[in-house]
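Engineer: I have a structure I would like to understand better, so I am pasting it below and will then ask my questions one at a time.
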Ligand SMILES: Cc1ncc(COP(=O)(O)O)c(C=O)c1O
């Protein structure tokens, strides 16, 4: 018998930790794996100015160094809610700041939502593929992530409908507690759920929720600000006019600084108290000083200035990666990728190559000096069948030169792996 709790026994190291160790052990390795942000763009001066501004005033400074309320500082929550309502083209009265919660990064919020909503054996529907860190958290909680197929517009509504009908027919639909989706520039697929799909998904869940226990939609908007083309579209949560079952989660990690650890979310009213109780037990509230730094950079306009520069930086890097993909995979008909217009990732698909950590491509890529995230990590075990022929590439952390070189090395590794079975690739 173990001396650890069941939760601890189920909670294992995230696969990405192994990839990070590989990257650190070989400094020359070009890691296109980690979802790190661009180091050179981290807003040193803007953060310095914000901290100086805070600590330069005895009242503000001492207040920022004090505890705040468990849900987070009301002024910070007000600023964030106002921005969200503007972005979603919603009336100011649609949601109240009581529904807003601050957390130490949005990952903490996702985990806390798991604690609030799930018992062991409960099912969470998600895209297949999906954000693998959340998959790990769900497994730790004893929940069962179940995958739904996607296309270029997001989760397929007919599959969602079918999965729900089957669960109702089997009598276990009450085990389905939530649908998790990253609605903007998904990690790993880079797909943004289209406006039409948002409406379809909302309608299906809404219809199901009449007369059944509610299925919550957890809308993860971690990458919403990293848009390099086109206009922003309203969140899926904006459709939930009565604030009944859509949870919105967001973060300043990708848009400003992951080191500050500022995440936040907007909850349906009935989840506010349970989440606050967990948060109270956990840490009495997210770090207050970081929240004040974020509030200050927003109020001075520094955040928006930073974001517009950051978008240009990432746009260039993304274009470098996509151009390199076109150049180096031009004559490899077995490689394709999904369109990317924002976020940090490109999702490659290979025909007939096992991209997994024990497959031939992964070790060959490491020998060449390039690291990727094996796509198999991003698949839930249940539902839409997992695939082992995909790769998540990230263009966030590396310079454009290293992205280009990494893509070249990867194409060499792919060509050599394909040549093992087919001489035309030699
Ligand atoms: C889809 C998605 N959601 C949430 C997070 C959590 O980010 P953070 O906890 O830094 O806010 C990440 C981080 O990479 C992510 O990719």
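Any read-out appearing in this document is the output of simple, stated calculations on the displayed coordinates, not a laboratory observation. This is a predicted model, so every value here is computed, not measured. Cβ coordinates were reconstructed from backbone atoms using ideal geometry, including for glycine residues, and neighbour counts include every protein chain displayed.
Engineer: Sort 204, 351, 215 by Cβ crowding within 10 Å, fewest neighbours at the top.
Structural biologist: Arranged by neighbour count, lowest to highest, 204, 351, 215 become 351, 204, 215.
Engineer: Cβ neighbours within 10 Å, averaged per peptide: list 44-51, 237-244 in order, most packed at the top.
Structural biologist: 237-244, 44-51
Engineer: Would you work out if the chain is rounded, prolate or oblate? Take a ≥ b ≥ c from the square roots of the eigenvalues of the alpha-carbon gyration tensor; rounded if a/c is under 1.5, else prolate when a/b is larger than b/c, oblate otherwise.
Structural biologist: Here the chain falls in the oblate category.
Engineer: Determine the distance separating the Cα centre of the range 20-50 from the Cα centre of the range 168-244; give it in Å without decimals.
Structural biologist: 31 Å
Engineer: Continuing with the same structure: Expected output is a single nm value to one decimal: the length gained when fully extending between residue 66 and residue 425, i.e. 0.36 nm times separation in residues minus the C-alpha distance. What is it?
Structural biologist: Gain on extension, residue 66 to residue 425, equals 122.9 nm.
Engineer: Counting only DSSP beta bridges with both residues in the chain, tell me the antiparallel percent, nearest 5.
Structural biologist: Expressed as a percentage, antiparallel bridges in the chain total about 50.
Engineer: Mind ranking 279-287, 166-174 by how tightly packed they are, going by the mean number of other C-beta atoms within 10 angstrom, highest first?
Structural biologist: Descending mean neighbour count gives 279-287, 166-174.
Engineer: While we're on this one: Would you please give the FRET efficiency between residue 241 and residue 194, computed as 1/(1 + (r/R0)^6) with r the Cβ-Cβ distance and R0 = 25 Å, to the nearest 0.05?
Structural biologist: Efficiency computed from Cβ-Cβ geometry: 0.80.
Engineer: Give the shape of the range 306-373 as rounded, prolate or oblate, defined through the alpha-carbon gyration tensor: a ≥ b ≥ c are the square roots of its eigenvalues, a/c under 1.5 means rounded, and otherwise the shape is prolate if a/b is larger than b/c and oblate if not.
Structural biologist: prolate
Engineer: With each pseudo-label sitting 7 Å past Cα toward Cβ, what's the residue 307-residue 277 distance in nm, one decimal?
Structural biologist: Rounded to a tenth, the inter-label distance reads 3.5 nm.
Engineer: Taking the range 199-345 on its own, what percent of its Cα-Cα pair distances exceed 19 Å? Numbers along the way, then the final one.
Structural biologist: Details: 7119 of 10731 pairs.
Value for the range 199-345: 66 percent of Cα pairs lie more than 19 Å apart.
Engineer: Could you order the peptides 353-359, 326-332 from most to least packed, using the average number of other C-beta atoms within 10 Å per residue?
Structural biologist: On the way: 353-359: 17.3, 326-332: 13.9.
Ranked by mean Cβ neighbours within 10 Å, highest first: 353-359, 326-332.
Engineer: Right, something else. Rounded to the nearest 500, what is the 222 nm mean residue ellipticity of the chain from helices alone, with -39500 (n - 2.57) per DSSP H run of 4+ residues and division by all residues?
Structural biologist: Details: 14 runs with 184 residues, N = 426.
Counting only the DSSP helices, I get -13500 deg cm²/dmol.
Engineer: Continuing with the same structure: Once label points are set 7 Å from the Cα along Cα→Cβ at both residue 48 and residue 300, what is their separation, rounded to one decimal in nm?
Structural biologist: Reported label-point gap for residue 48 and residue 300 is 1.1 nm.
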